[in-house]
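The values are calculated or read from the model by the stated rules, or taken from the named source; none is laboratory data. Quantities reported herein were computed from a predicted structural model and do not represent experimental measurements. Virtual Cβ from ideal backbone geometry, glycine too; neighbours counted across all protein chains shown. Each accessible area value is taken on the protein alone, full model and side chains, heavy atoms only, with ligands, DNA and RNA left out. Shrake-Rupley method; radii C 1.70, N 1.55, O 1.52, S 1.80 Å.
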Amino acid sequence: MARKIDIELTSRRDDGAWTWRAPGAKQPRGLVAGTLLPDAATVGDVLRAEAEFELEGITIVSVSPAEHKERKDEQLIELLGPRRPAEGVSVTYAGGRRRRDERGRSEGDGRARPAAESRRPGGRAAGAPPGTPAEGERPPRRRDPEGAGAGRPRAAGGPERGGRNRERPAARQRGMHPGTTHRNAALAQLRPEQLPVAEQLLRGGIPAVRQAIDEQNGRARAEGRAEIAAEPLLAMAEELLPKMNLATWKDRAVAARTAAPRDLALRDLRSVVASASTVALDDEGRELATALREALNTRLAALRDGWMSRLTAALDEGRVEDALRVSSRPPEPATRVPAELAVRLAEGASAALAPELPAQQWLSLLQAVVDSPVRRTVRPAGLPADADEELLAAARHAAGQVPGLAKLLGLPIPPPPGPRRPAAAGRRP
């Protein structure tokens, strides 16, 4: 599909063709046939052209004079309001029909116009004072000069505005919005014939280049033209791929470095740091990777410290179930509970699973033990005195993960569970 662009003529060749560039650019971008240009074309003329962007380069299809006409009405600013020009300001009011508000008044002055509602069915009666509602019309709401809703009781705990008891949504972490500085700089250093290939690489890598070649060859076959050779273009794409990948990574890295820590999700920062090993970094890239790795380690250390403090505080306050649930949600999958805290957690859970505990609380605490990393070292003190068949079935089901339950239920201690295997695709249960 052809796109419209502005071109500037730079020189004329002996064969009648002209070289052109983007207005203000330094280097020419391509050639345009002299038969497409006006007879009075000269070097420096800026023209409007329709161009087709293909992998072989940019082809100019048609040329027309550039449209740079200025209309008189584009330089007028319409002022809506009373006709009171300030001192030192020259004002010319635009003609035409003035707008009216819902009360039939002109916004240019404060005088009331003859009401048209009296001539319509359901309008106000003739001679009715302004502001009288029409038949079947709801009377207009009056605003208190001291503010909307003044004098009315607000809902308890509601915000000041409007008296509605609504909570503000919590602040959410926003994703990265990488710029295009490094990608534009990388494209500016390429030759004109490399630009279409580089743009396809930025869109989708080598598969995008192959798809563009197939689409262009398909159009060539339909139009009866010769097809292009894919091998040279793919070789060029392989050569440009490291540069484009590095430029893309730098844009993401700069966005991650400049974003506030509370606005950047941890997964985005981790993905940028991890992807640094997949690109060929230069000196600037290595500095960015080092800074981002330090920022990631700092955030992970803060999360681990907060997790440890919550776990310790729950154990110190005797909140065993809360401590078990905190231990089951570490900041990273590789994070482990220290040995000292693990012993305290297992002992507290063993003592809490006592016969005096009600059945529902005992089951809730057992579920927290099953989800915790210390489940195999917990030795429950006993089953509830009012244990029913449902509780016993849940205990027998959890005995494979909490071996201490096996002795209480008179079951053989099961072996440790092996690694989980992924379900086979297409296998029916």
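Grab the beta carbon distance between Leu303 and Glu231, set R0 = 60 Å, and tell me the FRET efficiency rounded to 0.05. Can you show the working numbers first?
Details: r = 50 Å, r/R0 = 0.84.
Calculated value: 0.75.
Could you work out what % of the accessible surface of the range 312-406 is carbon and sulfur, using a 1.4 angstrom probe and leaving DNA, RNA and ligands out of the count?
Answer for the range 312-406: carbon and sulfur cover 52 percent of the accessible area.
For the pair Arg210 and Ser364, how long in nm is the line joining their label points, each one 7 Å along Cα→Cβ?
Taking the simple label geometry, Arg210 and Ser364 are separated by 5.7 nm.
Sort 365-375, 302-312 by packing, meaning the average of other beta carbons within 10 Å per residue, with the highest value first. Kindly include the intermediate steps, with their values, before the conclusion.
Details: 365-375: 20.5, 302-312: 14.7.
Averaged packing, sorted descending, gives the order 365-375, 302-312.
If R₀ is 35 angstrom, what is the calculated FRET efficiency for the pair Arg12 and Asp282, using the beta carbon separation as r and rounding to 0.05?
On the way: r = 41 Å, r/R0 = 1.17.
That gives a FRET efficiency of 0.30.
Using a 7 Å offset from the Cα along the Cα-to-Cβ direction at both Ala222 and Thr35, what is the distance between the two label points in nm, to one decimal?
Result for the modelled spin labels: 2.5 nm.
Not counting ligands, DNA or RNA, and with a 1.4 Å probe, what is Thr377's accessible surface area in Å² rounded to the nearest 10?
80 Å²
Any idea how far apart Arg379 and Thr258 come out in nm if each label point goes 7 Å out from Cα toward Cβ?
Reported label-point gap for Arg379 and Thr258 is 6.1 nm.
Pull out the extension gain between Arg325 and Ser275, defined as 0.36 nm times the separation in residues minus the alpha carbon to alpha carbon distance; nm, one decimal. Intermediate values should be presented prior to the final figure.
Working: separation 50, 0.36 × 50 = 18.00 nm, distance 3.27 nm.
Working it through step by step, the gained length comes to 14.7 nm.
Report the FRET efficiency, 1/(1 + (r/R0)^6), for Thr181 and Asp371, where r is their Cβ-Cβ distance and R0 is 60 Å, rounded to 0.05.
Details: r = 46 Å, r/R0 = 0.77.
That gives a FRET efficiency of 0.80.
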